[in-house]
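Some notes on the structure that comes next.
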Amino acid sequence: AILDALKACNVKATFFLVGNYLETNPELVKRMIQEGHCVGNHTYHHPDMSQFTKDDFEKEMKEFEIKYKEVTGSDCPKLYRPPQGKYSENNLKMAKDLGYKTCFWSLAYVDWYDDNQPTKEQAFEKLTGRIHPGAIVLLHSTSKTNSEILQELIAKWKDMGYSFGNLSDI
């Protein structure tokens, strides 16, 4: 539903995926790429990377890269989003040493609990009320609410004067 909404709105996005997603949804990953979206590395197992040693950090990142190449036939874009937003200066350097740009967000809301989804009204209030120039919006694809409102939300943001691009473009 999210890919359908993005396509209908002619908007490109960046998806930060974990290894399990590459394993269970390879066709959706291929579709993301075919439709011009960017896929970044959110690690293979989604651990707290902030305390990892260099070897463990590299192993976690490389495991994702290997699976990505197996699924897509191409190298993974060098964009990284730390799981849970947890990081240390040391692992920011580790990511950089592996050729990655570390990406964070400037607008997020609690949308990741399957059993406690925000209502459409709550989502619109938070996402339109806090949008700002240069925003990098974090939306979880597991959110039923996000998939239901995305096309309308993008239209609202466009009406507010915003434009869109994926992180590899900006």
Open item on the list: Quick test for you: out of PRO118, PRO83, PRO47, pick the one residue that is touching a residue at least 40 places away in the same chain (Cβ under 8 Å) and surrounded by 13 or more Cβ atoms within 10 Å (Cβ to Cβ).
Closed with: PRO83
- [ ] Look at SER141 and say whether it is buried (at least 16 other Cβ atoms within 10 Å of the Cβ) and outside any loop (DSSP other than H, G, I, E, B).
- [x] no
TODO: Have a look at TRP105, TRP112 and point out the one that is in a loop (DSSP other than H, G, I, E, B), touching a helix residue (DSSP H, G or I) at 6+ places or on another chain (Cβ under 9 Å) and open to solvent by 20 Å² or more (accessible area, probe 1.4 Å).
DONE: TRP105
Open item on the list: Being outside any loop (DSSP other than H, G, I, E, B) and surrounded by 13 or more Cβ atoms within 10 Å (Cβ to Cβ) is the filter here; which residues of the range 123-138 pass it?
Closed with: ALA123, PHE124, GLU125, LYS126, LEU127, THR128, VAL137, LEU138
Open item on the list: Here are the criteria: (1) part of a helix (DSSP H, G or I); (2) closer than 18 Å to PHE15 by Cα; (3) in contact with a helix residue (DSSP H, G or I) (Cβ under 6 Å, 6 or more places away or on another chain); (4) open to solvent by less than 70 Å² (accessible area, probe 1.4 Å). Tell me which single one MET94 does not satisfy.
Closed with: (2)
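The values are calculated or read from the model by the stated rules, or taken from the named source; none is laboratory data. Here the structure is a predicted model, which is why all the values come from computation and not from measurement. As a convention, Cβ positions derive from the backbone with ideal geometry for all residues, glycine included, and neighbour counts pool all protein chains shown. With ligands, DNA and RNA removed, areas are computed over all heavy atoms of the protein, side chains included. Shrake-Rupley method; radii C 1.70, N 1.55, O 1.52, S 1.80 Å.
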